[in-house]
Amino acid sequence: MINIYICEDDSNQLQHLNQTIEHIISTKKYPMSVECYSTSPSIILDTLTSNPNKNIGLYFLDIDLNADIDGFDLAMKIRELDPRGFIVFVTTHSELLHLTFEYLIEPLGYIIKDSSLDIHNQIEKCMSNAATKYQILNKNSGKQVISFSTFGTEYIFEPMSLIYITVSCIPHTLEICSDDKLIQCRGTINSTVKQLPDFFLQISRDTIINVFSVVEYDKNANKVVLKNGTEFDVPRRKYNIIKKMQNNK
Amino acid sequence: MNGMTFPFLFTWICSNTLSMFVSQATLNAKYLTIKRYIIYLLVVILGATINAFFPQTTYIFIFINTITMGILTKRIIMCTTLALIGYIISVVYNYVALTIFEYFTGFNQMTIISNIKLQWLFYLFFFPTLYLLLKLISFIIDKLPKPHKSEYKPLGFALMSFLIICSFILIFNITYEYIKGFPKDIMSANLKLFLLFLLMISIVLFIIIVFVYKDARTNIALKEMEHLEKYTSELEEMYSTLRGFKHDYNNVLCSLKYYIDNKQYDELDTYYKKDIMPLINSLQENNFSIEQLSNIRFTPLKSILYFKMLEATQNQIKTTLEVKWPIDEINIKAIDLTRILGIFIDNAIDANTSIQDISKRYLNISCISSGQKKVIIINNPSVEETINLSSIQKIGVSSKGINRGYGLPNIYSILKKYDNVLMQTTYIEGCFTQTLEILD
């Protein structure tokens, strides 16, 4: 079940939003219900804090709220209360700060209040998106994830997507390479290797690799090639360990 | 040294080796590994042994040692200069230490030179104090402000050639006088004269370096001023277009009123779609959210962003800037921040210009002040389907193909100096994002 919260300072638009959303829920039979809609952000927050059941939320927030906080601050507060919730910003073009929102809130999507765009369609897209993500979330709830923190920002990785972790040339810094990210964070190899699943192997004092990312062995040059093309020197005795670990699964 | 006994020879080789090793390696200690130490020591011992039998080879001996140091550390200019500085200091200090030693023990120089035990006693005093002195000097050198690589190369050359000439004159002077058997007082007077000359030249050189350094700083400040002037004129232009729009706006409202008064709703609809919508759109598209720049109060950041975004728009790249919260200060040296962002944005512009379809070009920049840190995000499209993220940091390889993006290794060399800066790269669905996080 997903609880829907709507915050919009214009009461006409709020009514319109609510009706559209209710209509979509009833026609598409989504497991969702509108928990609260209001023109005031404090009412939304109060409802959220007093709500005992920990259902995941879907939030439609206007950015310009004409209140002491704007929709963005509201979203930041919601993130603290419901870290996995789906946030959708309802906004005009000029208020949209795409990168900033993406970095701090990771919203599910945006609904652009522009007379040339169909609002109904946009809302429907966001809701179907939330429904799909909700299903995936439920399916994967038992799966292990690995997180690295960089000055307070959490980067979450699925273990299989990690390729290697190595000591950077910058002091006290690790470099973590996954399929689509290359991040730096403070830490040491020894403390990191402990929190990784068993298909990670420390091949040298400063490098850990995911053994399933190894695509090529070069026994003569003492090298392995990983799936993104990176090469690492591997001591001869580690080859058999890598092979054995690959065959175990 | 014909007719020398073995103990004398041994002492000669030992002291020569030690003085070379201590004087040249101490200042370069941070560039040396154990392997390099050993190789260098072997070269020095070999040189000192040959030198003991052929005193005329002193020049070659010093030259080879100095060059070896440069080659071993792979930083020829820096390390040979340091090695020469170390050597000159040791020669000068040798003279000072000998005087001190004479004063405390009451032996005269000739006695010390002819007595092996006394010589060893002297070295026991000389080498530890020389080592400490050089450590102190190396500490002071570390604390000196470092100019930029580009400014520093010609300076390094000048300093090195000066030091080479000085050290050779010094060595020539001493060995020549020694071989010719000059009286001791003339030798010491000569040495004093030479040292005075060295000191004076050093002061002049130091003043020149300080001036060059200051000049470079002023140049940067001037450039910043130029950017800001451009920014101000842009703001003025924007203000005047806005005023123009205000005038249009009144006309538009009047014509709207005309349609409503006459109840011509269909015409109103077409008028709105045909004339008003494009007007609104053009106002939105108009220049790269320049008003966002006013939230940046850290002048170097404002200047570099303005300058680079101007360049991007000139390359027909749709450029946006987001600064939601004011940014007063960033805990990183202005010059380093400017260099890093310059490289990031240059790479982003390069990636964009290799895309033929102009509508697909974009550059989004965001400056965020969040909690205890400042975050700068740069976002651009990339032509290639897949990028090996780990190879982009290597020299000459970047997301834009070979020979571009040379800047990333430079970024690494800057980041090494900071423990409050981290860099993140992501590449998702053709969109390349660089994130720089700076802790307050």
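Details
- Residue ID - nearest to B:GLU291 (Cα to Cα), chosen from residues in the stretch B:218-248 that are in contact with a helix residue (DSSP H, G or I) (Cβ under 9 Å, 6 or more places away or on another chain) and open to solvent by 80 Å² or more (accessible area, probe 1.4 Å): B:LEU242
- Applying the condition of being modelled with pLDDT of 80 or more and open to solvent by 10 Å² or more (accessible area, probe 1.4 Å) to the stretch B:382-422 and asking which residue is farthest from the other protein chains (Cβ to nearest Cβ) yields B:SER382.
- Flag if A:ILE119 is open to solvent by 20 Å² or more (accessible area, probe 1.4 Å), more than 24 Å from B:PRO326 (Cα to Cα) and away from chain B (no Cβ under 14 Å): yes
- Residue list for the stretch B:294-320, filter: touching a Phe, Trp or Tyr at 6+ places or on another chain (Cβ under 6 Å), buried (at least 17 other Cβ atoms within 10 Å of the Cβ) and either over 17 Å from A:THR100 (Cα atoms) or not polar (S, T, N, Q) (or both): B:TYR306, B:MET309
Per-residue answers, yes or no, for (1) of a type in the set (D, E, K, R); (2) touching a residue at least 40 places away in the same chain (Cβ under 8 Å); (3) surrounded by fewer than 17 Cβ atoms within 10 Å (Cβ to Cβ):
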residue: A:THR188; (1), (2), (3): no, no, yes
residue: A:GLN202; (1), (2), (3): no, no, yes
residue: A:ASP206; (1), (2), (3): yes, yes, yes
residue: A:ILE209; (1), (2), (3): no, yes, no
residue: A:GLY229; (1), (2), (3): no, no, yes
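- Within the stretch A:178-216, the only residue that satisfies the criterion of being of a type in the set (Gly, Ala, Ser), farther than 11 Å from A:THR166 by Cα and assigned to a strand (DSSP E or B) is A:SER178.
- Selection from the stretch A:80-98 of residues that are within 14 Å of chain B (Cβ to nearest Cβ) and closer than 10 Å to A:TYR59 by Cβ: A:PHE89
- Residues satisfying the stated conditions in the stretch A:78-102, i.e. open to solvent by less than 40 Å² (accessible area, probe 1.4 Å) and outside any loop (DSSP other than H, G, I, E, B): A:ILE78, A:PHE86, A:ILE87, A:VAL88, A:PHE89, A:VAL90, A:THR91, A:LEU99, A:THR100, A:PHE101
- Pairs meeting the criteria (first residue in the stretch B:85-110 and among the charged types (D, E, K, R), second residue buried (at least 16 other Cβ atoms within 10 Å of the Cβ), beta carbons under 9 Å, at least 6 apart or on different chains) are B:GLU102/B:ILE112.
- Within the stretch A:141-175, considering residues that are among the charged types (D, E, K, R) and assigned to a loop (DSSP other than H, G, I, E, B), the one nearest to the other protein chains (Cβ to nearest Cβ): A:GLU158
- Take the conditions (1) open to solvent by less than 70 Å² (accessible area, probe 1.4 Å); (2) free of Cβ contacts under 8 Å to residues at least 60 places away in the same chain; (3) touching a Phe, Trp or Tyr at 6+ places or on another chain (Cβ under 9 Å); B:SER19 misses just one of them, which is (2).
- Listed by first and then second residue, the pairs linking a residue in the stretch B:304-324 that is in the same structural domain as B:LEU293 (by TED's automatic domain parsing) to a residue that is of a type in the set (Lys, Arg) and crowded, with 18+ Cβ neighbours inside 10 Å, with Cβ atoms under 8 Å apart and 6 or more places separating them unless they lie on different chains, are B:ASN315/B:ARG361; B:GLN316/B:ARG361; B:ILE317/B:ARG361; B:LYS318/B:ARG361.
- Residue tally, condition under 17 Å from A:ARG205 (Cα atoms) and more than 8 Å from chain B (Cβ to nearest Cβ), over the stretch A:176-189: 4
- Within the stretch A:127-141, the set of residues being more than 18 Å from A:ASP82 (Cα to Cα) and either open to solvent by 90 Å² or more (accessible area, probe 1.4 Å) or of a type in the set (A, V, I, L, M, F, W, C) (or both) comprises just one member, A:LYS139.
- Subset tally (residues that are open to solvent by less than 60 Å² (accessible area, probe 1.4 Å) and part of a helix (DSSP H, G or I)) for the stretch B:181-209: 12
- Residues that are open to solvent by 10 Å² or more (accessible area, probe 1.4 Å) and not charged (D, E, K, R) within the stretch A:18-31 comprise A:ASN18, A:GLN19, A:THR20, A:HIS23, A:ILE25, A:SER26, A:THR27, A:TYR30, A:PRO31, listed in sequence order.
- Taking (1) within 14 Å of another protein chain (Cβ to nearest Cβ); (2) within 27 Å of A:GLN135 (Cβ to Cβ); (3) part of a loop (DSSP other than H, G, I, E, B) in turn, A:ALA75 satisfies each apart from (3).
- A:ALA67 vs. criteria in contact (Cβ under 8 Å) with a residue 12 or more places away in the chain, in contact with a Leu (Cβ under 9 Å, 6 or more places away or on another chain) and either under 30 Å from A:CYS185 (Cβ atoms) or not assigned by TED's automatic domain parsing to the domain that holds A:ASP10 (or both): no
- Looking across the stretch B:273-293 at every residue that is surrounded by 13 or more Cβ atoms within 10 Å (Cβ to Cβ), at pLDDT 75 or above and closer than 30 Å to B:LYS257 by Cα, the one that is nearest to the other protein chains (Cβ to nearest Cβ) is identified as B:MET277.
The values are calculated or read from the model by the stated rules, or taken from the named source; none is laboratory data. The model shown is predicted, which means the values in this text are computed figures rather than measured ones. Reconstructed Cβ throughout: ideal geometry from the backbone, glycine too, with neighbour counts over all protein chains shown. Just so you know, the surface numbers come from the protein's heavy atoms only, side chains and all, with ligands and any DNA or RNA stripped out. Shrake-Rupley method; radii C 1.70, N 1.55, O 1.52, S 1.80 Å.
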